[in-house]
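The values are calculated or read from the model by the stated rules, or taken from the named source; none is laboratory data. Being a predicted model, the structure only gives us computed values, none of them experimental. Methodologically, a virtual Cβ is constructed for each residue, glycine included, from the backbone with ideal geometry; neighbour enumeration extends over all protein chains shown.
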Amino acid sequence: MNRWRQEPGAGASRNGRNSASAAAQTGRILGLHSEIRHPIEQATTTSLAALKAYAEGDKERFQGKEAESIPSYKMAIELDPNFAIAYARLGAVYANEQSGVLSDEYVRKAFERREHVSEKEKLYIAAHYYASVTSETEKVIETYELWRQVYPRDWIPANNVRTNTIASAGWIKPSKLPNQHCG
């Protein structure tokens, strides 16, 4: 089974370039990660406005603007109260900003809404839930290891398992870790 196959209609045209309609179908037109391979109809939100707000939050966050991403993620949640990955991202931002209570609240909400998300998003949500809400270190590491096996080119699980291992081993306090918990 090829895990990397693109969905029908997302391939290259005869001249070797992706068509605008294929890019729009896969969500790449919104500047989302290249790993997105499913048609927009299968996105984890039915609101295009919520998806745009979420994409803006990710853009800000990956530019190192953690605090500035908060309003975008909150807007995504306001536009679609069932947008699980937006809750999870907001929880991760609050964790990185040392706001544990808010982090736990949003990650818990993401975990409760994880039914209608992609497999990758389920792994993301579960790893953050086990790390920040239940503090189940073994489950965190197991989840990241599974994520690394299923998505070997994704840097997030490798980075986050390292960060969680360092923190749980007590080598340095979690609050003193560099802000590399980007996932």
Arg108 under 19 Å from Asn160 (Cα atoms), modelled with pLDDT of 95 or more and charged (D, E, K, R): yes
All conditions in (1) touching a His at 6+ places or on another chain (Cβ under 6 Å); (2) surrounded by fewer than 20 Cβ atoms within 10 Å (Cβ to Cβ) are true of Val107 except (2)
So which residues in segment 72-88 are among the hydroxyl-bearing types (Ser, Thr, Tyr) and under 23 Å from Glu119 (Cα atoms), if there are any at all? Tyr73, Tyr87
Report yes if some residue within segment 55-76 is part of a helix (DSSP H, G or I), modelled with pLDDT of 95 or more, out of contact with any His (no Cβ under 6 Å at 6 or more places or on another chain) and closer than 20 Å to Tyr130 by Cβ; otherwise report no. no
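Provide a single number: the residues in segment 82-104 that are surrounded by fewer than 17 Cβ atoms within 10 Å (Cβ to Cβ) and either free of Cβ contacts under 8 Å to residues at least 40 places away in the same chain or part of a helix (DSSP H, G or I) (or both). Step through it out loud before you land on a result.
Kept after step one, since they are surrounded by fewer than 17 Cβ atoms within 10 Å (Cβ to Cβ), are these residues of segment 82-104: 97-102.
With the extra rule that they be either free of Cβ contacts under 8 Å to residues at least 40 places away in the same chain or part of a helix (DSSP H, G or I) (or both), the set shrinks to 97, 99-102.
So the count comes out to 5.
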For segment 125-135, state whether one or more residues are in contact (Cβ under 8 Å) with a residue 60 or more places away in the chain and either in contact with a helix residue (DSSP H, G or I) (Cβ under 7 Å, 6 or more places away or on another chain) or within 13 Å of Ala88 (Cβ to Cβ) (or both). no
Please go through segment 46-69 and pick out each residue that is touching an Asp or Glu at 6+ places or on another chain (Cβ under 9 Å) and of a type in the set (S, T, N, Q). Thr46, Ser47, Ser69
Just give me the residues in segment 116-135 being within 15 Å of the chain's Cα centre (by Cα), of a type outside the set (Ser, Thr, Tyr) and assigned to a helix (DSSP H, G or I), in sequence order. His116, Glu119, Lys120, Glu121, Lys122, Leu123, Ile125, Ala126, Ala127, His128, Ala131
